[in-house]
1. Give the accessible area for LEU48 in Å² (nearest 10); use a 1.4 Å probe, count only protein heavy atoms, and leave out ligands, DNA and RNA.
2. Tell me the carbon and sulfur percent of the accessible area for segment 199-269, rounded to whole percent, probe radius 1.4 Å.
3. Using a 7 Å offset from the Cα along the Cα-to-Cβ direction at both GLU228 and TRP157, what is the distance between the two label points in nm, to one decimal?
4. Roughly what % of Cα-Cα distances in segment 137-270 sit above 19 Å, to the whole percent?
5. Quick check: residue separation of HIS200 and TRP328 times 0.36 nm, minus the Cα distance between them. What number comes out in nm?
6. Can you give the charge dipole size of segment 275-335 about its Cα centre, rounded to the nearest 20 debye, using +1 on the beta carbon of Lys and Arg and -1 on the beta carbon of Asp and Glu?
7. Report the FRET efficiency, 1/(1 + (r/R0)^6), for SER91 and VAL58, where r is their Cβ-Cβ distance and R0 is 25 Å, rounded to 0.05.
8. I need the peptides 229-241, 315-327 ranked by packing, meaning the mean over residues of other C-beta atoms within 10 angstrom, with the highest value on top.
Amino acid sequence: MDKCLSTALEPILRRVVHEEVERSLRARIRSFSRSPSLRIQAPQPSTLKLIFPKALTVPIFTGGKIVDEESNQLRVLLVDTRGNQTVLFPSPFKVDIVVLDGDFPLDGRNWSNEEFDRYIVKERTGKRPLLAGELVVTVRDGVGLIENIEFTDNSSWIRSRKFRIGAKVAGGSCQGVQIREAVTEAFVVKDHRGELYKKHHPPTLGDEVWRLEKIGKDGVFHKRLASEGVHTVQDFLKMWVVDHAKLRTILGPAMSEKMWNVTVKHAKTCVMGNKHYVFRGPDYKVLLTPICQLVNAEINGSIYTTHNLSDINRAYLENLVRKAYANWCSLEEIEGISDEIGLLTQGDHPNHQQPMVGSSQYKVYMTDRLIEGYIQNEMQANREISPIYFNTSSENGVRQNMFPSNSDDDLTSPKSFITWG
């Protein structure tokens, strides 16, 4: 009988126990939901972020050190978005420097860590790591210094053809604190070999002539000039001064007048330095600039300066300059201010003072006067004489730019052999 009773009561007991367990679980869940400390909170946006305070210097070449727009090493700062003030974090933390696709949507919004990571660019298969150098930076007192980082590959192989540099808190640092990543503007990375073909602004006298605008290395103009002995910017300018018509003929009709003007204008920005050249003969001594412009001359013991050149035949002087040009390798080179220069330039100005009139006005006045006052002799009556050109020197005697600020429309011919020393 007892066994039958137990069998009859078993379903009832199971139902009672099940109901009690469910009642207890519901009570615990209600208690959990009422407790503020245990309730799951929605994440709040962080006010902390990393930034690059300055833009990068561009263009960027593979193998070249990446610096900011002031040529200083890159920095990453921790700031508060509520005032962009640098934040002094309680302890140093690590930051990873990464490469991002140029298409990263830098539109001022808050992106997620996952979205940032999706735009990280890795190296191409078989290539070195895309970014080399110090890629883990320690941020102390809100500032991290990034030293010696460089790209090993160009950016032409990704769809945007541009990269960005990003900075993100390294895994395991700042646990529990959300800090938004730093991202630079997008930029192109070019192969280092492209830098080898760069034009120089300004060019130097010793630069190869293809450093000038519109003259490509190993191109047709470069080869034509080289075949005529014009290898450097100095060679180009010397021929431009002495025989610009020949120089124009060498380049030929393939170089348009617009291209010619651009090339000459670029060449005219060349820094001249402080060298002079002396051409000597039995009864003369001629002082020249590095591009074969006449500074002063001593003829039969008499010193001729820019004030009294009208006393002698300019055709004779031009002939001496042409001879000096043809024998350039035999000329005596003088660097700096020497006794030789002092002898040939003494008396240029009464009491060794500069003329009171402004240099540009002075050049215009002297040029007009000397052209108008020139009287051809019988032998040179039918010969066209080049206009006379005067030059000024800087106060320390170093010529920075020997060309006048003439208009762009007057670029195709030099102002001639005569220069103000």
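1. The value for LEU48 is about 30 Å².
2. 55
3. With each label point 7 Å from Cα toward Cβ, the separation is 4.4 nm.
4. 63
5. Using 0.36 nm per residue and subtracting the Cα-Cα distance, I get 43.6 nm.
6. Values: 6 positive and 7 negative charges, 31 e Å.
Using only the charged Cβ atoms, the result is roughly 140 debye.
7. The pair SER91/VAL58 has a calculated efficiency of 0.10.
8. So the peptides 229-241, 315-327, ranked by packing, come out 229-241, 315-327.
The values are calculated or read from the model by the stated rules, or taken from the named source; none is laboratory data. Everything quoted here is computed from the prediction, not taken from an experiment. Here Cβ is always computed from backbone atoms with ideal geometry, including for glycine, and neighbour counts include all displayed protein chains. Heads up: the accessible areas ignore ligands, DNA and RNA and are worked out on the full protein's heavy atoms, side chains in. Shrake-Rupley method; radii C 1.70, N 1.55, O 1.52, S 1.80 Å.
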